[in-house]
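Have a look at the structure below, then the notes.
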Amino acid sequence: MAFEELKQKQSVVWGTGPYQNITETITDIHARVIERLAPQPGMKWLDLACGTGAAAELAAEKGAAVTGVDLAPALIETAEERARERNLDIDYRVGDCENLEFEDGSFDVVSSTCGVMFAPDHEASARELARVVKPGGRIGLANWTPAEKGLAAIFRIMKPFQPTPPAGAGYPFDWGDEQHVKDLLGDSFDLEIERGISPLRLPSGEAYWQLFSSSYGPTRTLSESLDDDKREELHRSWVEFADTELASNGGIEHQREWVLVHGTRR
């Protein structure tokens, strides 16, 4: 099933705002994925939905030959700039994880941190993961879970203000459901699934709103698309959720549940 119009919009949405501010809230996840996949000199490594390049940089620093792919040109531009500043040789490309340009079995490792899960056609993404990893190669995917108070809660707050997604588009947080992942990847990979919590600590619900409405593409784009009344309604809903449900020691702490999907290609 093709979702070309949706993906064209996503390529702009995800590049809206200084996304690096959001990347820095999941450094613990990047570190765990890299630790699990253990980059080595010369290892051919693909980082999918690479964003501004956090995981790609960590792998390249260990000597891996890294290619980074993201749908959003603006994020690739930032990633390239960061690589130049750090004197890292990373091959960044604008591309679609549902339709990769690489030959079969091109990579020893494919990683994705909270990225591939947002592509609308889950089956197509899974097929491409299996296709581009060589036999014996590995994947490491960090995915948010659909937990009631996890990051999915933020998307549930945004949902009433968003247009209805096209028929057949996958729910991103299903990538955090063990059975869904096994259905997608179990025929091609021997899977291990580990659970983790990534805490986000902020002074208040208002600080949470300001961070995401300025820097997280989906939230910023949605906020800017609404009239004043609807924007304020979204704002109030967000802040109320955070201050009520996430209150902790005079501020807020969002205990964001995620899974690390580690797979070895058969």
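Brief remarks follow.
- Unmet requirement for residue 124, which otherwise passes all of (1) part of a helix (DSSP H, G or I); (2) small (Gly, Ala, Ser); (3) in contact with a Leu (Cβ under 7 Å, 6 or more places away or on another chain): (3)
- Every residue from the range 183-220 that is assigned to a helix (DSSP H, G or I) and either within 19 Å of residue 36 (Cα to Cα) or acidic (Asp, Glu) (or both): 183, 185, 206
- Where helices (runs of 4 or more DSSP H) sit wholly within the range 1-69, those with at least 2 residues that are within 18 Å of the chain's Cα centre (by Cα), farther than 15 Å from residue 115 by Cα and modelled with pLDDT of 95 or more occupy 27-37, 54-61.
- Pairs with Cβ under 6 Å, 6+ apart, first in the range 237-253 and touching a residue at least 24 places away in the same chain (Cβ under 8 Å), second of a type in the set (Ser, Thr, Tyr) and crowded, with 16+ Cβ neighbours inside 10 Å: 242/208
- If the condition is being within 15 Å of residue 260 (Cβ to Cβ) and open to solvent by less than 30 Å² (accessible area, probe 1.4 Å), then the range 174-215 contributes 175, 176, 181, 185, 189, 196, 198.
- The residue of the range 225-266 that is most open to solvent (accessible area, probe 1.4 Å), among those that are in a loop (DSSP other than H, G, I, E, B) and on the phi < 0 side of the Ramachandran plot, is 266.
- Boolean, residue 98 is touching a residue at least 24 places away in the same chain (Cβ under 8 Å) and farther than 24 Å from residue 7 by Cβ: no
- Residues that are in contact (Cβ under 8 Å) with a residue 12 or more places away in the chain and either assigned to a helix (DSSP H, G or I) or aromatic (Phe, Trp, Tyr) (or both), drawn from the range 70-94: 73, 74, 75, 76, 78, 79, 80, 82, 83, 92
- Only one of the numbered conditions (1) in contact with a helix residue (DSSP H, G or I) (Cβ under 7 Å, 6 or more places away or on another chain); (2) open to solvent by less than 30 Å² (accessible area, probe 1.4 Å); (3) under 25 Å from residue 26 (Cα atoms) is violated by residue 121, and that is (1).
The values are calculated or read from the model by the stated rules, or taken from the named source; none is laboratory data. Predicted model, so just to flag it, every value in this text is computed and none were measured. FYI the Cβ positions are ideal-geometry reconstructions off the backbone, even for glycines, and counts take in every protein chain you see. For the accessible areas, the whole protein counts, side chains as well, though only heavy atoms, and no ligand, DNA or RNA atoms are used. Shrake-Rupley method; radii C 1.70, N 1.55, O 1.52, S 1.80 Å.
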